[in-house]
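Asker: Quick one: this structure, given as structure tokens, is what I'll be asking you about.
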Amino acid sequence: MLALARRKALVCLGLLGWGGAVLWWAAGQTASENGKQSKQPDATVIGFADVVQERRRQVVADSSFPSSLPSDRTQWLQFLQSLHLRPPERPEGWKFSAYSWRRWRGALASRGGFVRRWQVRTMEATAYCPKGCCGSATGRTATGRRAEYGIAAVDPRVIPLGTALYVDRYGFAIAADVGRAIKGNRIDLCFPTHREAHRFGRRWVRVLILH
């Protein structure tokens, strides 16, 4: 009987020891999980900041304005240079720079100051003159503007009419006309004379689109 009692006592002690070990292990796991959870907010904040910073870099590279558009020629030149766009080759190329500024500022105000977008795309460009041989016999565009240097015909499905543009080396322009052959990724630039339009010919140009 004494031997049986000792065996039972040893079994009970063994069970108690095993149970204590299990409880100790469970408590350690709980503390570890709590520690991870307590550190999670800091990791989340750091990760969010990294994501925001990376998103800003992507936006600047793709389709976002700087804090403000340039308002004078010197600032415009710096801005265009940052986009690897060359300045206008002739003085008329600056004619619609003020329009571009006002157009952007008005669009920005209508959007509550949050959406500032631009896009640089490579387009196939041709040229026309305001005479009847190339354009309208009246010298007017589809929007009623006078056809002159700085007026561009576009596909309204690609570039809405009234959009401010900058064409590499050509200068600032307004999407104010359409053409039967101007479809898709094409743009038709107005020149004062047929000779200049013919000299321009057909070429690929980089176009800054100010949304």
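Asker: Which members of the stretch 146-173 meet the condition of being out of contact with any Ser or Thr (no Cβ under 8 Å at 6 or more places or on another chain) and more than 20 Å from residue 200 (Cβ to Cβ)?
Answerer: 156, 157, 158, 160, 163
Yes/no matrix, rows are residues, columns are (1) modelled with pLDDT of 75 or more; (2) in contact with a Pro (Cβ under 6 Å, 6 or more places away or on another chain); (3) within 28 Å of residue 204 (Cα to Cα):
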site: 74; (1), (2), (3): yes, no, yes
site: 81; (1), (2), (3): yes, no, yes
site: 91; (1), (2), (3): yes, no, yes
site: 105; (1), (2), (3): no, no, no
site: 109; (1), (2), (3): no, no, no
site: 113; (1), (2), (3): no, no, no
site: 118; (1), (2), (3): yes, no, yes
site: 139; (1), (2), (3): yes, yes, yes
site: 142; (1), (2), (3): yes, no, yes
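Asker: Can you give me the number of residues within the stretch 140-166 that are surrounded by 17 or more Cβ atoms within 10 Å (Cβ to Cβ), touching a helix residue (DSSP H, G or I) at 6+ places or on another chain (Cβ under 9 Å) and under 17 Å from residue 117 (Cα atoms)?
Answerer: Qualifying residue count for the region: 4.
Asker: Does the stretch 176-211 hold any residues that are of a type in the set (Asp, Glu) and either more than 28 Å from the chain's Cα centre (by Cα) or not in a strand (DSSP E or B) (or both), and which are they?
Answerer: Listed by number, the list holds a single entry, 196.
Asker: Could you go through the stretch 173-181 and let me know if any residue there is surrounded by fewer than 16 Cβ atoms within 10 Å (Cβ to Cβ) and either at pLDDT 95 or above or closer than 20 Å to residue 146 by Cβ (or both).
Answerer: no
Asker: Can you give me the number of residues within the stretch 156-170 that are assigned to a strand (DSSP E or B) and among the aromatic types (Phe, Trp, Tyr)?
Answerer: So the answer is 1.
Asker: OK, next. Here's a check for you: in the stretch 119-139, which residue that is in contact (Cβ under 8 Å) with a residue 12 or more places away in the chain and surrounded by fewer than 14 Cβ atoms within 10 Å (Cβ to Cβ) is farthest from the chain's Cα centre (by Cα)?
Answerer: Per the stated criteria, the residue is 133.
Asker: With free of Cβ contacts under 8 Å to residues at least 40 places away in the same chain, assigned to a strand (DSSP E or B), at negative phi and assigned by TED's automatic domain parsing to the domain that holds residue 118 as the only criterion, which of 142, 173, 153 stands out?
Answerer: 153
The values are calculated or read from the model by the stated rules, or taken from the named source; none is laboratory data. Bear in mind that the values here come from a model prediction, so they are computed numbers and not experimental data. Quick reminder, even Gly has a Cβ in these numbers, built from the backbone with ideal geometry, and neighbours come from all protein chains shown.
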